[in-house]
Each structure stands twice: as structure tokens, then as C-alpha cells.
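These notes concern the structure reproduced below.
Since every read-out is calculated from the coordinates, none of them should be taken as a lab result. From a predicted model like this one, the values you see are computed outputs, not experimental measurements. When we count neighbours, we look across all protein chains shown, and the Cβ atoms used for this are built from the backbone with ideal geometry, even at glycine.
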Amino acid sequence: MTTKKTKSAIVTVDIDRALYDELKARADKKRYKIKEYVNERLWLDLQKEKFLAAYAPFLSVIGEPEGNRITLHDTKIKQTVDVFLHDTQLYCEIDEKGPCAHIDYVMLLPELSKLYINRQQQSKKEGE
Ligand SMILES: [Zn+2]
């Protein structure tokens with residue numbers, strides 16, 4: 001006799017309490033149920049990743065962000081490119097005149113948040 005395995009359409013995951021509380025507050029503010037809000041955010045994030053892969057298939061992140069820098073590999077120009085966060089602006093080391101695909105790409109990366117967090121931590125250290 002074989003047992004039929006079925007996958008539930010709903011799964012449960014553990015979320016850190018602080019993160020849950022912040023997401024719940026945002027969901028409440030928008031009058032969403034927390035489940036709908038989290039599912040929408042995750043779905044949109046996945047779609048953003050797909051867009052990014054289609055928008056700039058020649059770009060990828062190398063390693064982890066360090067300090068205020070994210071390093072990209074650009075297969076179009078066959079070189080690495082550093083993008084830096086200064087205050088609230090991103091700067092590309094090779095496109096000094098202004099916005100470029102590298103900055104656009106970094107603006108959509110979740111790793112941008114790590115640069116922002118690094119900057120906040122650096123500001124705290126300098127303020128001590
Ligand atoms: Zn650039």
C-alpha cells in the first residue's frame with residue numbers, strides 16, 4: 001500500500017519577534033492581515049529579483065558588502081565595479097558623471113540595506 005503525500009498550500013515559518021512586530025504594525029496600518037502582507041512583500045521581492053536579472057543580466061554581486069562599498073562584476077565591460085554609499089547617495093567608481101546601470105542595480109539589491117546599516121553603526125561609533 002502506498003501512502004499519498006500531499007503538500008499543504010500553507011506553510012509555517014519562524015520569524016524573529018522584533019521583525020514580526022514591525023511587519024504586523026505595517027500590516028495593521030495598511031489594513032492587511034499579517035499573512036496577506038507578508039506574502040505580498042515576499043512575492044514582490046521575488047518579482048523584483050526576476051526583474052533585476054532581466055534588467056541587468058550582465059551584473060552580479062561579488063562577496064558581501066564591506067563598509068560603504070558593494071562590489072559588482074560587470075560581464076559587459078569585463079571588470080569589477082565598486083559602488084559606494086556616501087550619506088544618502090550612491091556613487092559608482094567608473095561612472096563619475098552620474099546615475100548608471102551599476103547604481104540602478106545596487107538600488108534594487110537587498111544588500112543596499114547592509115550599507116545603510118553599516119553607515120548607521122559607523123555614525124554611532126563616531127558619536128561615542
Ligand atoms: Zn557605473
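Scanning the range 36-68 for residues that are touching a residue at least 24 places away in the same chain (Cβ under 8 Å) and part of a helix (DSSP H, G or I), which turns out nearest to Q121 (Cα to Cα)?
D45
Condition check: surrounded by 10 or more Cβ atoms within 10 Å (Cβ to Cβ), farther than 30 Å from V11 by Cα and within 16 Å of the ligand (Cβ to nearest atom). Does I117 satisfy that?
Working: surrounded by 10 or more Cβ atoms within 10 Å (Cβ to Cβ): yes; farther than 30 Å from V11 by Cα: yes; within 16 Å of the ligand (Cβ to nearest atom): no.
Spelling it out, it is not the case that I117 is surrounded by 10 or more Cβ atoms within 10 Å (Cβ to Cβ), farther than 30 Å from V11 by Cα and within 16 Å of the ligand (Cβ to nearest atom).
How many residues does the range 74-92 hold that are polar (S, T, N, Q), more than 13 Å from S60 (Cα to Cα) and not in a strand (DSSP E or B)?
Of the residues in that region, 1 qualify.
For the range 1-35, name all the residues that are surrounded by 11 or more Cβ atoms within 10 Å (Cβ to Cβ), assigned to a loop (DSSP other than H, G, I, E, B) and not hydrophobic (A, V, I, L, M, F, W, C).
Listed by number, the residues that qualify are Y32, K33.
Give me a count of the residues in the range 111-128 that are closer than 17 Å to V61 by Cα and charged (D, E, K, R). Let's see the steps before the verdict.
If we filter the range 111-128 for residues that are closer than 17 Å to V61 by Cα, which is where we start, we get 111-116.
The next check asks that each one be charged (D, E, K, R); those that pass are 111, 114.
Final tally of qualifying residues: 2.
Can you confirm whether the range 98-108 contains a residue that is assigned to a loop (DSSP other than H, G, I, E, B), touching a residue at least 12 places away in the same chain (Cβ under 8 Å) and closer than 21 Å to A54 by Cβ?
Yes: one or more hits.
Mind listing just one residue for me: the one in the range 70-91 that is charged (D, E, K, R) and more than 13 Å from the ligand (Cβ to nearest atom) and, of those, surrounded by the fewest Cβ atoms within 10 Å (Cβ to Cβ)?
So the residue we want is D87.
Every residue in the range 93-110 that is more than 11 Å from the ligand (Cβ to nearest atom), closer than 11 Å to V61 by Cβ and surrounded by 13 or more Cβ atoms within 10 Å (Cβ to Cβ), please.
Within the range 93-110, L109 is the sole residue that qualifies.
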